[in-house]
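The values are calculated or read from the model by the stated rules, or taken from the named source; none is laboratory data. This one's a predicted model, so the numbers in the text were calculated from it and none came from an experiment. Don't worry about glycine lacking a Cβ; one is built from the backbone with ideal geometry, like all the others, and counts go over all protein chains shown.
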Amino acid sequence: MEEKTYVEDVDRSVYDIRNEEGDNVYRIHQGLTKEIVMKISEEKNDPQWMRDFRLKCLDIYNDLKLPNWGADISDLNMDEIATYVRTNTKMANTWKDVPKEIKDTFEQLGIPQAERESLAGVGAQYDSELVYHNVRKEVEDQGVIYTDFESALRGPYADLVKEKFMTIIKPEEHKFAALHGAVWSGGSFVYVPKGVDVGIPLQSYFRLNAAGAGQFEHTLIIVEDGAKLHFIEGCSAPKYNVNNLHAGLVEIVVGDDATMRYSTIENWSKNMYNLNSKKAIVGKNSKMEWVSGSFGSHVSYLYPCTVLNGENSHMEFTGITFAGEGQNLDTGLKVIQNAPNTSSAVSTKSISKGGGICTTRSEVVITAKGENSKSAVSCESLMIDDISRSDTIPAMDIRTNTADVGHEATIGRISDEAVFYMMARGIPEEEAKTMIVSGFAENVSKELPLEYAVEMNNLIRLEMKGSIG
Amino acid sequence: MEAKQMIINQLPVRTWNHLKMNEAVVKDAAFVKKGTVEVFPTAGLQVESTSSVDFSTIPTGAGKDMDLAATAADPEGITIYSKKEQAEEDFVRLVYTYEEDGNAMNTLRLETADDATLTVYVEMKAKEGITGKGALSIKAKLGKESCLRLITVQKSEEGFELFNDIGGATEEKAKFEVCQLILGNGDQYNGCDVELHGEASETEINVGYAKAGKSRLDMNYIARHYGPLTISNITASGSLRDQSFKLFRGTLDFVRGAKEASGAEAEDVFLIDDGVINQTIPLILCGEENVAGAHGATIGKPDDDTVFYLKSRGIPEAEAIELLAQAKLQAVVHKIPHKALRREYEILTGGFVDEEE
């Protein structure tokens with residue numbers, strides 16, 4: 001009997017290392033009430049404006065409904081989620097000062113090694129708080145600020161942080177943005193001064209260890225005129241049999257003539273609801289690049305949004321989503337081209353297997369101000385078996401007659417002709433199929449720094465066995 | 001008139017609400033009378049006016065609200081049942097006219113027996129200056145290896161809305177061809193949902209439109225692949241002028257079991273004037289591994305190189321753009337199988353009439 005092509009699930013063993021919650025952990029009561037929000041604010045010693053803001057966000061959260069589109073999230077019960085969990089340790093700027101069990105976790109995830117070899121700075125968040133943050137001196141000397149968000153809230157950039165905080169993604173935008181505003185904790189603040197090119201990337205890594213908890217880190221990145229930055233975000237969690245929630249929020253301001261690249265390898269565990277929000281506002285002659293790999297979580301809602309407000313600004317999005325058994329990953333992007341001569345180029349790929357569901361959802365809006373703007377969108381989906389699902393939902397809203405928009409989408413299986421061609425050249429069938437699937441993901445991996453490309457390739461280690469039935 | 005609201009043209013899968021693309025909301029949607037209809041069969045056409053098909057099980061593109069309104073307003077309607085292969089020159093032409101203010105609804109039921117063929121022309125015309133709505137619900141059941149060609153031409157002006165709602169279901173190797181011309185500056189709503197049940201059955205939908213003024217065109221085309229080896233092609237092309245608005249929803253739905261099915265949808269839109277709004281949402285829904293689905297869209301101003309080429313041949317730019325916009329419509333007109341009607345529609349759409357044809 002012929003054996004059906006089989007694709008191995010993502011090997012998650014390295015991410016499933018977990019530390020038992022000991023006495024040195026502070027965990028807030030489960031649920032979402034005014035008292036809990038006030039308690040978080042108190043724990044974090046918020047300034048008054050932030051305390052007021054949190055309460056306003058809670059009201060907005062209570063007023064907004066759950067989305068009536070997208071993957072089902074009705075099983076997510078906020079009464080069962082602890083929104084703030086922290087280990088009783090101070091943030092360190094050397095790894096030797098990080099508690100051993102936490103340091104070991106990050107060692108196994110390869111973060112300190114990556115920092116030594118290829119990063120300009122690292123922030124490591126464990127549950128609700130940063131446990132490590134460091135930036136290379138030469139980068140610091142250029143005037144680059146890379147710090148934990150709580151320090152930024154009180155430091156010399158406090159006014160700037162107050163001015164920008166949740167103005168790019170407003171709490172009214174959706175229920176989980178409001179939730180974030182109410183219970184946010186941790187995250188990073190990055191400021192790149194005018195004309196500074198941060199040659200090597202900064203990385204924040206978010207690790208959620210606690211069962212039944214939420215992580216709500218806030219990242220604010222400001223890239224001034226003529227500056228250049230590559231920021232990498234990594235995230236993972238061990239698997240539990242209770243729901244976890246991630247509702248982080250990333251706000252990016254890109255000045256004029258600047259370049260920003262934001263790369264994400266998202267590998268949450270399969271009990272995670274990943275309801276994340278990211279948005280960038282881009283100035284003239286600037287470039288915003290998103291590189292996104294979504295491999296983990298039980299349910300994901302993830303659509304990085306770019307608002308091209310500056311003339312001649314450009315956005316590129318390269319993304320891959322891999323959904324296996326028990327996963328419903330609703331990913332994609334939004335771009336609003338709101339100035340003349342803007343352009344966007346989008347390439348998304350998705351792979352569904354083992355009953356996994358991939359939905360690629362996109363929105364391209366060219367407003368009346370976007371004269372002579374262009375957009376090219378390409379969506380490709382690969383179905384590995386007939387128990388999975390793959391949907392493509394691209395929306396385009398064009399409001400100027402000088403726009404030029406092209407969109408193409410394809411969906412299908414591994415091409416028999418391609419397999420046959422490779423077999424005719426002496427490549428065994430299993431190897432041919434592995435090469436085809438790896439090649440499918442290549443445009444994302446080539447956009448990542450080498451070590452992250454290797455990580456991504458490990459994540460989608462597709463082992464093809466047998467022959468197709 | 002009773003104030004009633006209908007939700008129509010819903011996307012099979014919802015997306016972000018802020019886009020306002022998930023559905024269309026129709027106000028004052030109580031249909032209390034029927035429109036005037038005249039039926040012109042060709043002499044050789046041999047059809048019957050009754051059918052045993054339960055058409056209530058066939059969904060339409062506009063959806064349940066429209067279906068319920070149609071069944072209530074015109075439960076008998078007109079039924080055309082073709083039991084045999086008709087001669088190539090034979091067809092039936094139905095002309096629905098709206099000459100008074102108010103909302104009118106009609107139903108049309110079509111059936112082709114196994115191996116039968118049928119060509120149906122439907123015209124929906126509203127007199128200028130009237131206000132209200134004209135709606136037509138068309139449902140079709142295609143037997144094995146049968147072919148149904150449905151050509152609809154609709155025209156209304158500002159103040160009068162037209163609703164053209166189609167549902168179809170196919171058996172093995174049947175082919176359902178739909179060709180539509182959407183004209184005039186009245187708001188128009190078109191829905192079409194074809195369920196490809198039978199193995200190797202097929203649908204081809206070609207839509208041409210020209211919208212101007214402040215008119216709105218709201219479309220929802222769905223090809224649902226249930227059977228193996230089924231094929232669908234949806235093509236919509238047209239032009240928008242002034243402050244007109246167009247929303248194209250197109251869905252290829254590959255249901256598990258539709259092995260080796262293939263579907264393609266393509267949209268080509270000219271945005272001629274500043275102030276137009278174009279919305280496009282082409283869905284591919286896939287629950288089956290062994291299928292091929294593709295979508296392509298080109299939206300924007302007429303291609304600079306083509307305009308330059310025409311200008312270099314002495315054609316003024318405005319005329320060149322007009323010519324290119326016309327070509328979008330004429331590409332659909334030229335699919336009309338009967339010469340006399342093709343010429344009539346060429347004139348109606350302002351196209352070039354080739355006397356030598």
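Can we say A:Ala395 is within 11 Å of chain B (Cβ to nearest Cβ) and under 30 Å from A:Asn285 (Cβ atoms)? Write out each step before concluding.
Values: within 11 Å of chain B (Cβ to nearest Cβ): yes; under 30 Å from A:Asn285 (Cβ atoms): yes.
For A:Ala395, the condition - within 11 Å of chain B (Cβ to nearest Cβ) and under 30 Å from A:Asn285 (Cβ atoms) - is met.
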Looking at (1) in a loop (DSSP other than H, G, I, E, B); (2) in contact with an Asp or Glu (Cβ under 7 Å, 6 or more places away or on another chain), find the lone condition where A:Met423 falls short.
-> (1)
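Give the number of residues within segment B:292-316 that are more than 14 Å from chain A (Cβ to nearest Cβ) and either assigned to a helix (DSSP H, G or I) or modelled with pLDDT under 90 (or both). Don't jump to the end; show me each part of the working.
Of all residues in segment B:292-316, those more than 14 Å from chain A (Cβ to nearest Cβ) come to B:308-316.
From the residues that got through so far, the ones that are either assigned to a helix (DSSP H, G or I) or modelled with pLDDT under 90 (or both) too are B:308-312.
Number of matching residues: 5.
Looking at A:Thr331, A:Thr318, can you tell me which residue is more than 11 Å from chain B (Cβ to nearest Cβ), assigned to a strand (DSSP E or B) and surrounded by 24 or more Cβ atoms within 10 Å (Cβ to Cβ)?
A:Thr331
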Only one of (1) under 22 Å from the mean Cα position of the chain (by Cα); (2) within 12 Å of another protein chain (Cβ to nearest Cβ) fails for A:Met383. Which number is that?
-> (1)
Kindly establish whether B:Thr235 is more than 8 Å from chain A (Cβ to nearest Cβ) and β-branched (Val, Ile, Thr).
-> yes
The one condition A:Phe176 fails out of (1) closer than 29 Å to A:Leu66 by Cα; (2) of a type outside the set (Lys, Arg); (3) touching a Gly at 6+ places or on another chain (Cβ under 8 Å) is (3)
Within segment A:79-98, tally of residues that are assigned to a loop (DSSP other than H, G, I, E, B) and farther than 13 Å from A:Leu130 by Cβ | 5
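Considering only residues that are of a type in the set (Gly, Ala, Ser), over 14 Å from the mean Cα position of the chain (by Cα) and under 26 Å from A:Gly143 (Cβ atoms), which ones fall in segment A:189-234? Walk me through it before giving the result.
The initial filter retains those residues of segment A:189-234 that are of a type in the set (Gly, Ala, Ser), namely A:195, A:199, A:204, A:210-214, A:226-227, A:234.
Now drop any that are not over 14 Å from the mean Cα position of the chain (by Cα), which leaves A:195, A:199, A:210-214, A:226-227.
Within segment A:189-234, A:Gly195, A:Gly199, A:Gly226, A:Ala227 meet the criteria.
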Among the residues of segment A:351-372, the number that are within 10 Å of another protein chain (Cβ to nearest Cβ) and either in contact (Cβ under 8 Å) with a residue 40 or more places away in the chain or in a strand (DSSP E or B) (or both) is 12
Within segment A:138-151, residues out of contact with any Gly (no Cβ under 9 Å at 6 or more places or on another chain) and of a type outside the set (D, E, K, R) come out as A:Gln142, A:Gly143, A:Ser151
Every listed condition ((1) assigned to a strand (DSSP E or B); (2) more than 24 Å from A:Ser445 (Cβ to Cβ)) holds for A:Ser347 save (2)
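If you check B:Leu252, B:Leu329, B:Leu283, which single one turns out to be touching a residue at least 60 places away in the same chain (Cβ under 8 Å), within 11 Å of chain A (Cβ to nearest Cβ) and outside any loop (DSSP other than H, G, I, E, B)? Write out each step before concluding.
Details: B:Leu252 fails: touching a residue at least 60 places away in the same chain (Cβ under 8 Å); B:Leu329 fails: within 11 Å of chain A (Cβ to nearest Cβ).
Matching residue, one of B:Leu252, B:Leu329, B:Leu283: B:Leu283.
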Can you find a residue in segment B:253-262 that is surrounded by fewer than 21 Cβ atoms within 10 Å (Cβ to Cβ) and farther than 21 Å from B:His295 by Cβ?
-> yes
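What about A:Thr400, is it at the interface with another protein chain (Cβ under 9 Å from one of its Cβ atoms), crowded, with 23+ Cβ neighbours inside 10 Å and outside any strand (DSSP E or B)? Write out each step before concluding.
Values: at the interface with another protein chain (Cβ under 9 Å from one of its Cβ atoms): yes; crowded, with 23+ Cβ neighbours inside 10 Å: yes; outside any strand (DSSP E or B): yes.
Yes, satisfied.
Take the residues in segment B:298-319 that are among the basic types (Lys, Arg) and surrounded by 12 or more Cβ atoms within 10 Å (Cβ to Cβ), then tell me which one is nearest to the chain's Cα centre (by Cα). Break it down into steps so the answer makes sense when it comes.
Looking only at segment B:298-319, we keep the residues that are among the basic types (Lys, Arg), and these are B:301, B:311, B:313.
Narrowing further to those that are surrounded by 12 or more Cβ atoms within 10 Å (Cβ to Cβ): B:301, B:311.
Details: B:Lys301: 24, B:Lys311: 34 Å.
Only one residue tops the list, namely B:Lys301.
Check every one of the strands (runs of 3 or more DSSP E) wholly within segment A:180-227 and list those with 2 or more residues that are aromatic (Phe, Trp, Tyr). Before you say what the answer is, go through the steps one by one.
Values: elements: A:188-192, A:202-207, A:218-223.
Filter on segment A:180-227 gives A:188-192, A:202-207.
Results for (1) at pLDDT below 95; (2) farther than 27 Å from B:Glu99 by Cβ; (3) surrounded by fewer than 18 Cβ atoms within 10 Å (Cβ to Cβ), shown as yes or no for each residue.
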position	(1), (2), (3)
B:Thr15	no, yes, no
B:Met21	no, yes, no
B:Phe31	yes, no, no
B:Gly35	yes, no, no
B:Val39	no, no, yes
B:Thr42	no, no, yes
B:Thr50	yes, yes, yes
B:Thr57	no, yes, yes
B:Thr60	no, no, no
Return the only residue of A:Leu66, A:Leu76, A:Leu130 being farther than 27 Å from A:Val190 by Cβ, touching a strand residue (DSSP E or B) at 6+ places or on another chain (Cβ under 7 Å) and not in a helix (DSSP H, G or I).
-> A:Leu76
Of all residues in segment A:64-76, count the ones that are in contact (Cβ under 8 Å) with a residue 24 or more places away in the chain, surrounded by fewer than 11 Cβ atoms within 10 Å (Cβ to Cβ) and more than 14 Å from chain B (Cβ to nearest Cβ).
-> 1
